[in-house]
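**Q** Quick one: structure below, then a few questions.
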Amino acid sequence: AKADGRGTFRFFEPDMDAQLQSRRALEVNLRKAITNGEFELFYQPQINLKDNEIGGFEALLRWHHPERGLVPPSEFIPVVEDTGLIIPLGDWIIEQACKEAAGWPRNINVAVNLSPVQFRNRSLVQSVSRALALSGLAPNRLELEITESVLLQDTDATVSTLHQLRRLGVRIAMDDFGTGYSSLSYLRSFPFDKLKIDQSFVREMSQRADCLAIVQSVANLGASLGMPTVAEGVETEEQLLQIQAAGCTDAQGYYFGRPKPAQDMVHTLAALRHT
Ligand code: C2E
Ligand code: CA
Ligand code: CA
Ligand code: CA
């Protein structure tokens, strides 16, 4: 009677234990990483296609693990979200990005990604306003990127938070546009300052007519609604020509530059001013 369903379940236990344990270890390491200052922001340029100038940089989080080296955000963001660590970490991200951007030329903006968990936290607006005050960064140089998942619960609270952020003078960009369930209806709930076209469409645009059509439609939509449209993940000249023809106003991707530490970025800016 022991070798029944229960026996089968036991068979899976060691795996689940191992998974849980490595997750716990990761959590412990992430807590330490925050106090030890193992996080860094890399910056990737966003290019204004009208004048081919850098309009700003997107801050992208990196973790320098003492043994594993550089760990990409996809490996730890879900854990910091589940554990609530994203709240203190997110505050650090906003402060750090504002502090660093305050040292850049005044026409260069900074974009910061917000997790839906941060967004639901009551103290977000206060955190942003504190970071602006501490750094002295002009609010209109800060752009907050949110994904459609933030708006899944299309509640009054969500829209009210967006309006409070906007009242601080910061701009709001919709990230990964086109990948959600009802992208268009979100545009009715809240007026965004910018649409970022998800890189999956840009990647496949040269082979797939439907992806190209989506990129063109979003660019047209942005133009009609008076919203700049950024094509993400531009890697080749061919893609650049296509998004330009489609009418996207801005571009971001490896073709223009990979995310780099803040120090390297200062060189990028200096080099640009000499060309
Ligand atoms: P995302 O916000 O959509 O960021 C764009 C991602 O695409 C970045 O990956 C960037 O390095 C990558 N990328 C940029 N250009 C190209 C390209 O031409 N080709 C390809 N293949 N990839 C390109 P990364 O830095 O690994 O970040 C992944 C995701 O992790 C981000 O997606 C964002 O959702 C999240 N993330 C990163 N930093 C933060 C942060 O500070 N806070 C929060 N909440 N999430 C973050
Ligand atoms: Ca983003
Ligand atoms: Ca994106
Ligand atoms: Ca994404």
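The values are calculated or read from the model by the stated rules, or taken from the named source; none is laboratory data. The shown structure was predicted, so the numbers you read here are calculated from the model rather than taken from an experiment. Here the Cβ positions follow ideal geometry from the backbone for every residue, glycine too, while neighbour counts run over all protein chains shown. Ligands, DNA and RNA are excluded from the accessible area calculation, which covers all protein heavy atoms including side chains. Shrake-Rupley method; radii C 1.70, N 1.55, O 1.52, S 1.80 Å.
**Q** With the Cα gyration tensor of the chain giving a ≥ b ≥ c as the square roots of its eigenvalues, does the rule (a/c under 1.5 for rounded; else a/b larger than b/c for prolate; else oblate) give rounded, prolate or oblate?
**A** Working: a/c = 1.60, a/b = 1.38, b/c = 1.16.
Prolate, because a/c is 1.5 or more and a/b exceeds b/c.
**Q** Could you derive backbone 3J(HN,Hα) for region 245-261 from the dihedral phi with the Karplus parameters 6.51, -1.76 and 1.60 (θ = phi - 60°), listing whole Hz in sequence and x where the residue is Gly or Pro?
**A** Values per residue, Gly and Pro as x: 5, 6, x, 5, 8, 9, 9, 8, x, 4, 4, 9, x, 7, x, 9, x Hz.
**Q** Using Cα pairs closer than 8 Å and at least 6 residues apart in sequence, work out the relative contact order for the chain, in percent.
**A** Details: 408 pairs, mean separation 46.9, N = 275.
Once divided by the residue count of the chain, the mean separation gives 17 percent.
**Q** Here's something else I'd like to know. Amide H neighbours of Leu49 under 5 Å, counting only residues 5+ apart in sequence or on other chains, H built in-plane at 1.01 Å?
**A** Hits under the 5 Å cutoff: Asp250, Ala251.
**Q** Could you state the accessible area per residue of region 9-131 in Å², with a 1.4 Å probe and every protein chain left in place? Provide the component values of the computation, followed by the final result.
**A** Values: 6650 Å² over 123 residues.
Dividing the accessible area of region 9-131 by its residue count gives 54 Å².
**Q** Per-residue ellipticity at 222 nm for the chain, helices alone: DSSP H runs ≥ 4 residues times -39500 (n - 2.57), over residue total, nearest 500 deg cm²/dmol?
**A** Numbers: 11 runs with 140 residues, N = 275.
Taken over the chain, the calculation gives -16000 deg cm²/dmol.
**Q** Could you please report the charge total around Tyr255, scoring K, R as +1 and D, E as -1 over all other residues with beta-carbon less than 9 angstrom from its beta-carbon?
**A** Working: positive: none; negative: Glu235, Glu237.
With Lys, Arg at +1 and Asp, Glu at -1, the net is -2.
**Q** Filter the trypsin sites (Lys or Arg not before Pro) in region 75-125 down to the DSSP loop ones having no more than 12 other Cβ atoms within 10 Å, then list what survives. Intermediate results must be reported in sequence, preceding the final value.
**A** Details: sites: Lys99, Arg106, Arg120, Arg122; in loops: Arg106, Arg122.
Of the trypsin sites (Lys or Arg not before Pro), the ones in loops of region 75-125 whose Cβ has at most 12 other Cβ atoms within 10 Å are Arg106, Arg122.
**Q** Still on this structure, I have one more. Cross-chain or 8 or more residues apart, Cα under 29 Å: how many lysine pairs in the chain fit that? Count them up, please.
**A** Pairs that pass both the separation and distance tests number 11.
**Q** If I take R0 = 41 Å and measure r between the Cβ atoms of Ser217 and Arg122 in this structure, what FRET efficiency does the formula 1/(1 + (r/R0)^6) give, to the nearest 0.05? Before the final figure, lay out the partial values.
**A** Numbers: r = 37 Å, r/R0 = 0.90.
Result of the calculation: an efficiency of 0.65.
**Q** Compute the acute angle (0 to 90°) between the alpha-carbon long axis of helix 262-273 and the principal axis of greatest extent of the alpha-carbon atoms of the chain; round to the nearest 10°.
**A** The answer is roughly 20 degrees.
**Q** Going 7 Å from the Cα of Ser206 toward and past its Cβ, which residues in region 212-253 have a backbone nitrogen under 11 Å from where you end up?
**A** Zone members listed by number: 235-242.
**Q** Continuing with this model, one more query. Taking Cα atoms, how many degrees apart are the long axis of helix 156-168 and the longest axis of the chain, rounded to 10 and kept between 0 and 90?
**A** 50
**Q** In whole percent, and with a 1.4 Å probe on the protein chains, what portion of the accessible area of the chain is carbon and sulfur?
**A** Details: 7540 of 14550 Å².
Exposed carbon and sulfur together represent 52 percent of the surface.
**Q** Taking amide hydrogens as modeled 1.01 Å from N in the peptide plane, which residues meet the under 5 Å criterion relative to Gly56, leaving out close sequence neighbours?
**A** Gln46, Asn109
**Q** Let me ask something else about it. Cα centroids of region 70-84 and region 200-261: how far apart, whole angstrom?
**A** Measuring centre to centre over Cα atoms gives 28 Å.
**Q** Still on this model: With θ taken as phi - 60° and the coefficients 6.51, -1.76 and 1.60, list the Karplus ³J(HN,Hα) couplings across region 104-116 in order, rounded to whole Hz; mark glycine and proline as x.
**A** These are the phi-based 3J(HN,Hα) values: 8, x, 5, 8, 10, 9, 10, 10, 10, 7, 10, 7, x Hz.
**Q** Relative to the longest principal Cα axis of the chain, at what angle does helix 124-135 sit, 0 to 90 degrees, rounded to 10?
**A** Rounded to the nearest ten degrees, it is 60.
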